[in-house]
């Protein structure tokens, strides 16, 4: 079958299945092209533009444990960290597609834990604060995008208690 026809038929089917949550739970699969792990967010956003050569090497495999690096479709590093029991565990770092750091922090069984930092796409710090069991907990500092200062907030179990 012609590769273009294959692309036209299969790729929309994959997107419709993932969008409806039917038959293919994207949270349970790694997406790879050749042996390169692809960012799921970038794949969903930009995968429709895959050329036929890359599409031929597209695979979906159940998530496996181990140290992972995933990439944007443009080849830029997207994330790196450890997977245990199918979930993020330990220190993870994420980048924007322009190569600037987007965020970093620890995870325990897939939930944010401890101090996390977030950056704007231009590299300036956006926010830093603490998580407990995946919820905001403790002091958070949010930096204004225009550089004019910051806002400090305190959370308890995900609820804002002081601004």
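Values in this text are rule-based calculations from the coordinates and carry no lab data. Model, not experiment: these values are computed from the prediction. So basically every Cβ, Gly included, is an ideal-geometry build from the backbone, and we count neighbours across all protein chains shown.
Here are a few things to note about the model shown:
- With neighbour counts taken as other beta-carbon atoms within 10 Å, the residues 67, 72 rank, fewest first, as 67, 72.
- Rounded tilt (10° steps) of 3-20 against the dominant C-alpha axis of the chain: 40 degrees
- Taking the range 66-163 and dividing mean pair separation by its residue count, relative contact order in percent (alpha carbons under 8 Å, at least six apart): 14 percent
- Residue 77/residue 160 FRET efficiency (R0 25 Å; Cβ-Cβ; nearest 0.05): 0.15
- When restricted to Cα atoms, the chain yields an Rg and a Dmax of 18.6, 62 Å, respectively.
- Remark: 57, 116 ranked as 57, 116, counting other beta-carbon atoms within 10 Å and listing the fewest first.
- Normalised by residue number, the volume inside the convex hull of the Cα atoms of the range 86-163 is 81 Å³ per residue.
- For a paramagnetic label modelled on residue 111 (point 7 Å from Cα along Cα→Cβ), amide N atoms under 12 Å away belong, within the range 121-150, to 131-137.
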